[in-house]
Amino acid sequence: MNGDEGMKKERILAFIGGILLLLSELVFAATTQSISSLLESAENFAYQGTRDLPGSVKITLNKMDSNIALPKCSRLESFLPTGSRLWGKTSIGVRCNDQQAWTIYIQVDIEVITKVIHSAKPILRDHTINEGDIVFKEVNLVRMSEGAFTDSEKVIGKVAVININVGQPIYSQSVRAPHIIQRGQKVKLIVEGSGFSVSTEVEALSAAAEGQVLQIRNQKGRIMTGVARQDGIVEIKRK
């Protein structure tokens with residue numbers, strides 16, 4: 001065999017090898033689930049589950065091992081593992097509901113960029129918060145403690161229960177509803193039941209906001225528990 005024939009044979013063998021490699025890749029692609037389809041399923045699930053969150057949601061999926069080979073599936077389903085939620089660093093499961101069932105978990109990072117209420121000036125304890133006391137700042141809500149406010153209507157009119165420094169976030173546990181009944185106040189007790197309603201004057205033993213439970217004492221010294229209502233009324237409902 002001369003040199004030209006050897007080179008020709010090598011080219012033919014290389015061509016055949018290329019064809020076989022291509023065929024094997026096609027067979028692999030036809031019988032295994034693509035990584036992109038798994039990521040797409042998880043991403044769609046994440047966006048669907050966070051659509052009601054305030055502000056702008058950013059979802060980042062971790063890269064998956066390209067060597068993962070799962071059987072092709074026509075019935076993919078994404079789900080949230082028990083104990084997980086679509087918030088911060090979490091994981092989303094993707095499972096195959098075909099006969100050849102399998103499950104894989106994808107790591108996800110969820111950010112919620114929105115405007116959160118902060119104090120515009122120092123707020124002292126027992127101060128009733130007004131519009132001039134607050135300012136909005138854009139933050140990643142995931143990195144905030146629970147109870148941050150994004151709606152000014154839920155803050156204005158509330159009373160601070162602690163001192164809040166300027167520039168600090170205002171949390172639900174930092175404020176309370178204003179008291180509509182004060183401790184020691186004479187209030188009207190209304191007791192309602194099936195077919196009857198009676199009222200009498202009693203003394204409030206504690207302050208209370210609308211809808212809060214408080215103790216009251218009648219003229220005979222009996223202590224009862226009722227619910228604070230507007231206009232100096234405490235309500236007790238009997239079944």
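Any read-out appearing in this document is the output of simple, stated calculations on the displayed coordinates, not a laboratory observation. No experiment lies behind these values; they were computed from the predicted model shown. As a convention, Cβ positions derive from the backbone with ideal geometry for all residues, glycine included, and neighbour counts pool all protein chains shown.
First select every other residue whose beta carbon is under 9 angstrom from the beta carbon of Gly232; then total the charges, Lys and Arg +1, Asp and Glu -1.
Numbers: positive: Lys186, Lys188, Arg229; negative: Asp231.
Charge balance in the 9 Å sphere: +2.
Please return the longest stretch of the chain lacking exposed loop sites, where GluC sites (Glu not before Pro) count only if DSSP places them in a loop and at most 13 other Cβ atoms lie within 10 Å.
It runs 1-145.
Measure nothing but the geometry: give the 0 to 90° angle between the long axis through the Cα atoms of 35-49 and the longest principal axis through the Cα atoms of the chain, rounded to 10°.
10 degrees
Please list the equivalent ellipsoid semi-axes of the range 179-237, computed as the square roots of five times the alpha-carbon gyration tensor eigenvalues, in descending order and whole angstrom.
Each semi-axis is √(5λ); the values are 17, 13, 9 Å.
Work out from phi, with θ = phi - 60° and the Karplus expression 6.51 cos²θ - 1.76 cosθ + 1.60, the ³J(HN,Hα) of each residue of the range 216-233, listed in order in whole Hz, and give x for Gly and Pro.
9, 10, 8, 5, 8, x, 6, 9, 10, 10, x, 10, 6, 10, 5, 6, x, 10
State the label only: which of (1) 1.35; (2) 1.02; (3) 0.97 corresponds to Rg/Rh (Cα atoms, Kirkwood Rh) computed from the shown model?
Label of the calculated value: (1).
With charges only on Cβ, +1 for K and R and -1 for D and E, what is the dipole size of the range 179-237 about its Cα centre, in debye, rounded to 20?
Charge dipole of the range 179-237: 220 debye, to the nearest 20.
Taking only C-alpha pairs under 8 Å that are 6+ residues apart, what is the relative contact order of the chain in percent?
Relative contact order of the chain: 11 percent.
Among Val198, Val166, Val142, whose mean-square fluctuation peaks in a Gaussian network model of the chain (Cα, cutoff 10 Å)?
Taking springs between Cα atoms under 10 Å, the residue moving most is Val198.
Taking the dipole about the Cα centre of the chain, with the C-beta of Lys and Arg at +1 and of Asp and Glu at -1, give me whichever of Phe45, Ile164, Ser194 is farthest to the positive side.
Checked the options; the winner is Ser194.
Where is the GNM fluctuation largest for the chain (alpha-carbon springs, 10 angstrom cutoff): Phe79, Phe196, Phe136?
Of the options given, Phe196 has the highest mean-square fluctuation.
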